[in-house]
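Worksheet: the structure to be examined is printed underneath.
The values are calculated or read from the model by the stated rules, or taken from the named source; none is laboratory data. Bear in mind the structure is a predicted one, so any value in this text is a computation, not a measurement. Note: ideal-geometry Cβ built from the backbone for every residue, glycine included; neighbour counts use all protein chains shown. For the accessible areas, the whole protein counts, side chains as well, though only heavy atoms, and no ligand, DNA or RNA atoms are used. Shrake-Rupley method; radii C 1.70, N 1.55, O 1.52, S 1.80 Å.
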Amino acid sequence: MVTTHNLGFPRIGAKRELKFALEGHWKGQLPQVELEHLGGQLRERHWHDQDGLDLVPVGDFSFYDQVLDMSFMLGNVPARAHRHDGNSLDSYFRVARGRSANDSACSGVHAGEMTKWFDTNYHYIVPEFTSDTAFTLDASRLLAQVAQARAAGVQVKPVIIGPLTYLWLGKAKDDSDKLVLLARLLPVYAALLERLAADGIEWVQIDEPVLVTDLASEWQQAFRHAYETLQSGKLKLLLTAYFGALGDNLALACSLPVQGLHVDAVAGRAEVDMLVRHLPADKILSLGVISGRNIWKSDLHATLEWLEPVHRVLQERLWIAPSCSLLHVPVDLDSETALDSEVRAWLAFALQKLAELKILAQALNKGRSSVQEALVANHAALEQRRNSQRVHNPAVKAALADIDAAHGLRTSAYDVRAAKQAALLKLPPFPTTTIGSFPQTSEIRQARSRLRAGELDADAYGALMRAEIARCVQAQEELGLDVFVHGEAERNDMVEYFGEQLAGYAFSQFGWVQSYGSRCVKPPILFGDISRPFAMTVEWTRHAQSLTDKPMKGMLTGPVTILNWSFVRDDQPRSVSCLQLALAIRAEVLDLEQAGVRIIQIDEAALREGLPLRRAEWAGYLAWAVESFRIAANGVRDDTQIHTHMCYSEFNDIIASIAAMDADVITIETSRSDMELLDAFDHFAYPNAIGPGVYDIHTPNIPSEEQMVQLMRKAAQRVPAERLWVNPDCGLKTRAWAEVLPALHNMVAAARTLRAAQ
């Protein structure tokens, strides 16, 4: 009989219960004991949602981030985060967001650096290492969850991040070699496994997704040493890799002394036959046969076609699961009663994916006839999608065929454009601006909810949004910013807003996915060919510009980010969908310019995120990603200034491609990393202007003028001062006005101090 299991479940809750509880706790409105109680309720509900699986993950629940959980379990907590009262959850939130519920505005600390989890839109808190780092075990939270699960009758499989992936994800804060720390780390992992074995645990899922990346020989050797050290025979280890194929790490993964190996058979389908041949006969093989990252129905017939022969060979040594944790998909499609019924029939959220897994298992165990009705329904839905006229638009395909090299070129080189833009805009040195959004207040959210519920008509809603835009413009006038934004009050999300106005998209009501902490996004569903039926932002931007003489940025989301932050159709190459998006954004850029907008920001926050995990595949991705941006941006005149923005990613290894985008100004996140992300400029002469973020907007802490001046002076050591802008790390929608106004006041003061020192 084939064994079924899951690697992880969405933890935020079907109705975002954890989000609201966390935010209530941080505001001092929900005591810690009630937050902990809510966490326990969610865990039990999610375990119940996984009924019918042979093994259920425990330890995948987190109050903020699973990597940060691992840091606390290993005792790797920055000294600045420790509270004198010993409250570990307060210390935890201090690392996560710079402040706990019991900290005042002046007692916050520097939050841990945050970056993307492999090539997903999930952000993790980066472990910090020095040559003096020591590790001590505190497994109390994991053990408590194991006990709770057992009391609920769950067949328990604890989940932990493996030692090599943990080290690989972290950052050395000095010149030390992270791998040197492995010798100190392994005894703590061994103690953790001993403790779980003493609790009667049979299987532990130990996640090592770094196995799908390019590993240097010393890291491969470290894998061998680590797992030879950890083998004890007291429990069984399921080594888990996902997000890609094993590639040149396949032989290594098969040879490690563990009792089971899980691989992503969606991304690495071509490796399955080789794995079956090479995996030792005493090990189980777990195949991730259902995508844990996208929301399309699986082709169950096609999956069974290749899976049945594998089952005949492996028999009980075959386990099946989703490809990765279901953290990256929404919880339940059954909640989507308002979703277009045709599109809805093509989809599967977390609960539906587990149902698909059970159908596959029953087909393998009892034959296809036992699930014939389900297989027929699955096939009918897939055929209907393949033949739908809503998916395919001949006019869009014709527009793609007309793209030529001129679409991606500006008329003049940067230095010529910069001179014309300076003459037109007349900005001071160290010009100040923000990234786009201002606080989304409860009043704004309530107005949007009332509009959707039919309690507010479009005219009344528009009047409220125009009033909010006026408030935002007035605030920027009073602050003394140099380049304004309209604040994006009318936008629910930087991707969803555009998707709602583009043909080829559908939208869920409850399709929330965790991005970090309490921050959730609702990715739009890109199901067909993309076109722009009408202008999307022009009237809002024109109205904002009418309220001020200062330059007003037109704010757009770029094609690569819209692609990477959507659930993307899987029936054509992603590059084709991206070019379709590029043409739609290009039309909007040209309309903004025609309306008199002289600065247009095209955010590409997710460009780095889409980079393949294998370096050999980078060139292909970067070629079409950069081309898509250039097609979107480069139809304008020389004196129209194009900005772009990127955040919370490592840029050093793709800096040449970022330069090739040829944006006049790029703004990037740098404050959490203390400007370390500008290290790339030590060896690369970036040719255009840059705004290194000096205000970390993912924490409630308010940076001082002195802190921002210090950061900008670090930046000026790498980038000529005449090409530097002063701005926050990211948009301000998640912050409160009471935080934003003093922070921006200090930012403007910092720019004035820098100008005075020239």
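Numbers at a glance
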quantity	calculated
Pairwise centroid distance, computed over Cα atoms, of the stretch 496-547 with the stretch 559-586, Å	13
Stretchable slack from L590 to A395, in nm (0.36 nm times residue separation minus alpha-carbon distance)	68.2 nm
Inter-site label distance for E342 and A152 at 7 Å from Cα along Cβ, in nm	4.0
Of K19/K733; K353/K522; K19/K358; K297/K522, pairs whose Cα-Cα distance is over 20 Å	K19/K358
Probe 1.4 Å, all protein chains present, accessible-area order of K19, K553, K714, largest first	K714, K19, K553
Spin-label model distance (nm) - R450 vs E305, 7 Å beyond Cα toward Cβ	5.5
Cα gyration tensor category, rounded, prolate or oblate, for the stretch 364-482 with a/c compared to 1.5	oblate
Test item: Cα-centred dipole of the chain, Lys/Arg +1 and Asp/Glu -1 on Cβ, debye	340
Stretch gain in nm, segment K15-S388, where the contour uses 0.36 nm per residue and the Cα spacing is subtracted	131.1 nm
Radius ratio Rg over Rh of the stretch 457-525, counting only Cα atoms, Kirkwood formula for Rh	1.07
Relative contact order [Cα under 8 Å, 6+ residues apart], the stretch 1-160, whole percent	27
Gyration tensor (alpha-carbon) shape descriptor, the stretch 13-70, a/c threshold 1.5	prolate
Relative contact order of the chain, defined on C-alpha pairs under 8 angstrom at six or more residues apart (%)	13
Distance from the stretch 275-329 to the stretch 123-200 (C-alpha centre basis), Å	27
Leading residue at positive end of dipole, the chain (Cβ point charges), from I658, F629, I284	I284
Mean Cβ neighbour count within 10 Å, used as a protection proxy, ranking 296-304, 206-214 highest first	206-214, 296-304
Rounded if a/c under 1.5, otherwise prolate or oblate - the stretch 20-133, Cα gyration tensor axes	oblate
Selection from A355, P330, Q372, by position along the positive dipole direction of the stretch 328-376 (Cβ)	Q372
5 Å binning of all Cα-Cα separations within the stretch 90-192, expressed as whole percents from 0 upward	2, 10, 15, 17, 20, 18, 11, 5, 1, 0
Under 18 Å from K236, Cα to Cα: aspartates and glutamates that are on another chain or at least 8 residues apart	D54, E194, D199, E202, D207, E208, E228, D282, E316
Radius 11 Å from Cβ of I284, net charge of other residues (Lys, Arg +1; Asp, Glu -1)	+1
Virtual spin-label span in nm between F684 and R195, 7 Å along Cα→Cβ	4.2
Carbon plus sulfur fraction of accessible area for the chain, probe 1.4 Å, in percent	52
Lysines with Cα under 18 Å of K714, excluding same-chain neighbours fewer than 8 positions away	K173
Full-extension gain in nm, D132 to N365, via 0.36 nm per residue minus C-alpha separation	78.6 nm
Listed values (1) 29.7; (2) 32.7; (3) 27.2, entry calculated as Kirkwood radius over Cα pairs in Å	(3)
Accessible surface, the stretch 289-426, averaged per residue in Å² (probe 1.4 Å)	46
Listed residues K15, K353 arranged by accessible area, highest first, probe 1.4 Å	K15, K353
For T667, net neighbour charge (Lys/Arg +1, Asp/Glu -1) across residues whose Cβ lies under 12 Å away	-4
